[in-house]
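These notes are about the structure you will find just below.
Bear in mind these aren't lab numbers, they're just calculated from the coordinates by the rules spelled out. Computed from a predicted structure; not experimentally measured. Cβ placement follows ideal geometry from the backbone for every residue including glycine, while neighbour counts extend to all protein chains displayed.
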Amino acid sequence: MSHDAGAPANGTAARIVEPIRGTLDAEVTLPGSKSITNRALITAALAEGVTTLSGVGLSDDTRAMIGALSLVGVETEIAPDETTLTVHGVGKGLRSPERELDANMSGTSARFLLPVLGLIGSGTLTGHEQMRARPMATLCQALTDLGAVVDGESLPIAVSAPVTGDSVSIDASVSSQFISALLLAAPLFPNGLKLTLTGTPVSTPYVSMTIAVMESFGASVQGEDRDSGQVITVSPTGYSAIEYEVEPDASTATYPLAAAAIVGGRVRVNGLGSNSLQGDAAFAERVLVPMGARAFVDEGSIEVRGNGLLDPVGVDLGDMSDTAPTFAALAAKADGVSSVTGIGFIRTTKESDRVQGSVDELNRIGVAATVDEDGFTVTGGVHQNATVQTYEDHRMAMAFALVGLTGGPVTIHDPSCVGKTFPGFWELLDELRATARTTPRVLAIDGPAGSGKSTIAKRLAERLRLPHLDTGAMYRAVTYAVLKAGVHLDAADQVGQAAVDAEIIMRANTVVVNGENVTTAIREAEVTAAVSVVAANPEVRRVLVDAQRAWATRRGGAVIEGRDIGTAVFPDAELKVYLNASVEERARRRAAETGEGDIAAMAKAIAERDHLDMTRETDPLMVADDAVEIDSTAMTVDDVVGRVADIWAHGDDGQQGQQGQQGQ
Ligand code: DC
């Protein structure tokens, strides 16, 4: 059953996207990059011999390219699973097309195919009405300057004589696709190409992507910076057929990754990583991290972990402008005013005016947004359900669907427009929804003072990519507030009230209480001496236990250290560890930490605090029935971390006798 109730995925009616309850825990595989596929289709077509393209994402845009290439004599076979293409390249043996080539709504097809007609010296290129309105004149002019005879400045465009020249200047400030188009055909120009770029270039990662694909197919491309602008030289080498693996689409990846930040939990995109050719692969680090999510990027994957709370940001998306609608959705969720700059050029070059469109549709759902000279500004806030217009623009549909994932539903008009690049988008959303968990994955670490909980918990959190919560620091923060307010420790009601009133913010390595950064102050002896009394107060415990549950639930999980995590806060924790060590060893460790010389006195103080923590009435420190007990007296930190990580991943090996953990 589809959770996104409403029209079927292929209908043109509206589709309602309902909020996801819980947090995400998903690994997704996405279709191949449209941008790379359409580039590789050109280089494969212009290569001599048979090229295999794997990992391809077939979509309306790539089908338009395949169809047009067949009219100039390049046959492409599509494997039954539709992810592998076999392209029979013809090199210079391109045929004059008998019919018009149709780029449909595909900007890359329109731009990349025109210089191919320039190689042949004949043929007409047309496209969907939307594509006819998109700019082509800069490219037509460049081909004319190179000796081709080109009739028309926007589709349909007819070519009646081939490229003969080898040197041209082009304005790089309108669309990088014009540059990519000329470069892709250039190895087959009679004398190669010397291309001078003028104006402030936009979307430069796409030019780098083009050059990387060309080089994979054997082209020789040199770049140099001159006073007149950047000059790119392409040698007339032709291309060689190869086997080529297409990366997953990084622009598409922004939707599931942003979903992790918006909903909370984690989403991992496989096959896309730090070596990506796509500029948009940096979206997680450039946008989601500043907004408060965490990103883990390695060679083979990008993973985002979020807590559903987004900070407002100002970003320049000039070199990743396809992500602007995704940013609009995120900004709608952020707690304040966000803005994007550097994207004025997308108002005329893309499927729709995504600046005006994003602003209009945000306003339509009740989120304040305005168009700026070079981007837009959004004041995040509560949205209402309304039918979001999508302007036959796949990215508008996919991005605005994200808004409905929290807070309340949104309705997306013409949901099937996602087929332009990602026909499986609505299934992906269902897949994400199916992973939603309402109970967080908790690794509880309890134990007495000085047993090594903090060191171990921090290291484990890093290793397991989970957030870390030191609940002792929360009790210390309330104690600090109590002492600061001059409340007597015996005045139980007032101590309890201080906890109710305290505004505690737990961030990585930082504790803030009532607006004051108390990270260091809560470790002072005065706080340590009073904390066990404050922590025994039932009202204090009620408030903090609630806060701890909410904290971890919003994040989809955490490594949480304390005294009562496995017994009271998260009795259903996935793994409970009770960490212990001899009093002498714990005193020695604390002494080393604090610089205190009198170990015997330290041991006495620790024993007293243990006694208070173990004998208090509410949620005393004790070993949960199903906890794994680890005595770290003679163990190194690495040993303990390794042991717990192993149990988390594989379950307990039973060596704990009666006390096996109850993991899943
Ligand atoms: O771990 P720590 O020393 O920072 O903890 C400070 C005090 O807070 C400790 O004496 C007991 C109390 N505490 C608690 O009662 N429950 C928890 N979950 C964590 C700490």
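Tell me the Kirkwood hydrodynamic radius of the stretch 455-607 in angstroms, computed as one over the mean inverse distance between distinct C-alpha pairs.
Computed over Cα pairs of the stretch 455-607, the Kirkwood hydrodynamic radius comes out at 16.4 Å.
Where the convex hull is taken over the Cα atoms of the stretch 5-131, what is its projected area averaged over directions, in nm²?
For the stretch 5-131, averaging the hull's shadow over all directions gives 10.0 nm².
What's the ranking of 511-520, 28-37, 548-557 by average number of surrounding C-beta atoms within 10 Å, highest first?
Top of the packing list down: 28-37, 548-557, 511-520.
Suppose every K and R has +1 on its Cβ and every D and E has -1 on its Cβ; what is the size of the dipole of the stretch 86-199 about the Cα centre, in Debye to the nearest 20?
260 debye
Given 20 °C and 1.002 mPa s, compute D for the stretch 430-519 with the Stokes-Einstein relation, Rh being the Kirkwood radius over Cα pairs; round to the nearest whole µm²/s.
Using the Kirkwood radius from Cα pairs, D works out to 139 µm²/s.
Could you size up the charge dipole of the stretch 1-132 around its Cα centre, putting +1 on the beta carbon of Lys and Arg and -1 on that of Asp and Glu, and report it in debye to the nearest 20?
Computed about the Cα centre, the dipole is about 440 debye.
Would you work out which of ALA261, GLY271, PRO187 lies farthest towards the positive end of the dipole of the stretch 143-292, given +1 charges on the beta-carbon of Lys and Arg and -1 on that of Asp and Glu, about the Cα centre?
Farthest towards the positive pole: ALA261.
Given q = 0.14, 0.27 Å⁻¹, what are the Debye log10 I(q)/I(0) values for the stretch 450-499, with equal point scatterers placed on the Cα positions and solvent ignored?
-0.50, -0.91
If the cut-off is a Cα-Cα distance under 25 Å, which lysines reach LYS194, setting aside same-chain residues fewer than 8 apart in sequence?
Correct list for LYS194: LYS92.
Would you work out if the stretch 531-637 is rounded, prolate or oblate? Take a ≥ b ≥ c from the square roots of the eigenvalues of the alpha-carbon gyration tensor; rounded if a/c is under 1.5, else prolate when a/b is larger than b/c, oblate otherwise.
Prolate is the answer for the stretch 531-637, as a/c is 1.5 or above and a/b outweighs b/c.
Subtract the Cα-Cα distance of SER582 and ALA634 from 0.36 nm times their separation in residues, and report this length gain in nm to one decimal.
17.8 nm
Along each of its three principal axes, how wide is the spread of alpha-carbon positions in the stretch 305-359, in whole angstrom units, largest first?
Here the spans come out as 35, 21, 18 Å, largest first.
On the principal axes of its Cα set, how long, how wide and how thick is the chain? Give whole Å, largest value first.
Projected onto its principal axes, the Cα set of the chain covers 94, 55, 49 Å.
With +1 on each Lys and Arg Cβ and -1 on each Asp and Glu Cβ, and nothing else charged, work out how big the dipole of the chain is about its Cα centre, in Debye to the nearest 20.
Roughly 340 debye, rounded to the nearest 20.
What's the angle, to the nearest 10 degrees (0 to 90), between helix 599-615's Cα axis and the longest principal axis of the chain?
90 degrees
Note down the nm distance, to one decimal, between modelled labels 7 Å out along Cα→Cβ at ALA485 and at ALA434.
In this crude spin-label approximation the distance works out to 5.0 nm.
Which number comes out as Rg/Rh for the stretch 81-191 once both Rg and the Kirkwood Rh are worked out on C-alpha atoms?
In the stretch 81-191, Rg relative to Rh is 0.96.
Reachable lysines from LYS350, Cα under 22 Å, same-chain residues fewer than 8 places away excluded?
Qualifying lysines at Cα under 22 Å: LYS34, LYS420.
So how far, in whole Å, is the C-alpha centre of the stretch 113-128 from the one of the stretch 517-592?
Answer, in whole Å: 69.
Quote the Stokes-Einstein diffusion coefficient, in whole µm² s⁻¹, for the stretch 367-461, based on the Kirkwood radius over alpha carbon pairs, a temperature of 25 °C and a viscosity of 0.890 mPa s.
143 µm²/s
When the helix-only estimate is applied to the chain (DSSP H runs of n ≥ 4, each -39,500 (n - 2.57), divided by the residue count), what is the mean residue ellipticity at 222 nm, nearest 500 deg cm²/dmol?
Helix-only estimate at 222 nm: -11000 deg cm²/dmol.
Translational diffusion coefficient, Stokes-Einstein: compute it for the stretch 467-540 using the Kirkwood radius over C-alpha pairs as Rh, at 10 °C and 1.306 mPa s, and state it as an integer in µm² s⁻¹.
The calculation lands on 132 µm²/s.
Does the stretch 156-254 come out rounded, prolate or oblate by the C-alpha gyration tensor, with a ≥ b ≥ c the root eigenvalues, rounded set by a/c under 1.5 and, if not, prolate when a/b is larger than b/c and oblate if not?
rounded
Helix 60-70 versus the longest principal axis of the chain: what is the Cα-based angle in degrees, 0 to 90, to the nearest 10?
Approximately 30 degrees, to the nearest ten.
Return one number: the angle in degrees, 0 to 90 and rounded to the nearest 10, between the long axis of the Cα atoms of helix 637-650 and the longest principal axis of the Cα atoms of the chain.
With rounding to tens, the tilt is 60 degrees.
What number does the stretch 208-262 give for Rg over Rh if you use C-alpha atoms and the Kirkwood radius?
Across the stretch 208-262, the Cα-based Rg/Rh ratio is 1.19.
Which pairs, out of LYS333/LYS484; LYS484/LYS576; LYS484/LYS604; LYS333/LYS576, put more than 29 Å between their alpha-carbon atoms?
Table pairs above 29 Å Cα-Cα are LYS333/LYS484; LYS484/LYS576; LYS333/LYS576.
At ARG99 and ALA161, where each label point lies 7 Å from the Cα along Cα→Cβ, what is the point-to-point distance in nanometres?
3.0 nm
Return the inverse of the average 1/r over all pairs of distinct C-alpha atoms in the stretch 372-522, which is the Kirkwood hydrodynamic radius, in Å to one decimal.
20.3 Å
Along the charge dipole of the chain, which of THR421, SER339, THR83 sits closest to the positive end, that is, farthest toward it, with unit charges on the beta carbon of Lys, Arg, Asp and Glu (+1, +1, -1, -1)?
Ranked along the dipole, the leading option is SER339.
Quick check on the stretch 551-609: what does the Kirkwood estimate of hydrodynamic radius come out to from the alpha carbon pairs, in Å?
One over the average 1/r among Cα pairs gives 13.6 Å for the stretch 551-609.
Give me Rg/Rg_expected for the stretch 323-430, where Rg uses Cα atoms only and Rg_expected = 2.2 N^0.38 Å with N residues.
Normalised Rg, Cα atoms only: 0.98.
What is the list of residues in the stretch 344-371 whose amide nitrogen lies under 20 Å from a point 7 angstrom out from the Cα of ARG132, following Cα to Cβ?
348-353
Please compute the contact order of the chain in relative form: average sequence separation of alpha-carbon pairs under 8 Å and at least six residues apart, divided by the residue count, as a percent.
13 percent
Can you tell me how the stretch 27-97 classifies by the Cα gyration tensor, rounded, prolate or oblate, using a/c under 1.5 as the rounded cut?
prolate
For the stretch 369-419, take N as its residue count and report Rg(C-alpha) divided by 2.2 N^0.38 Å.
1.21
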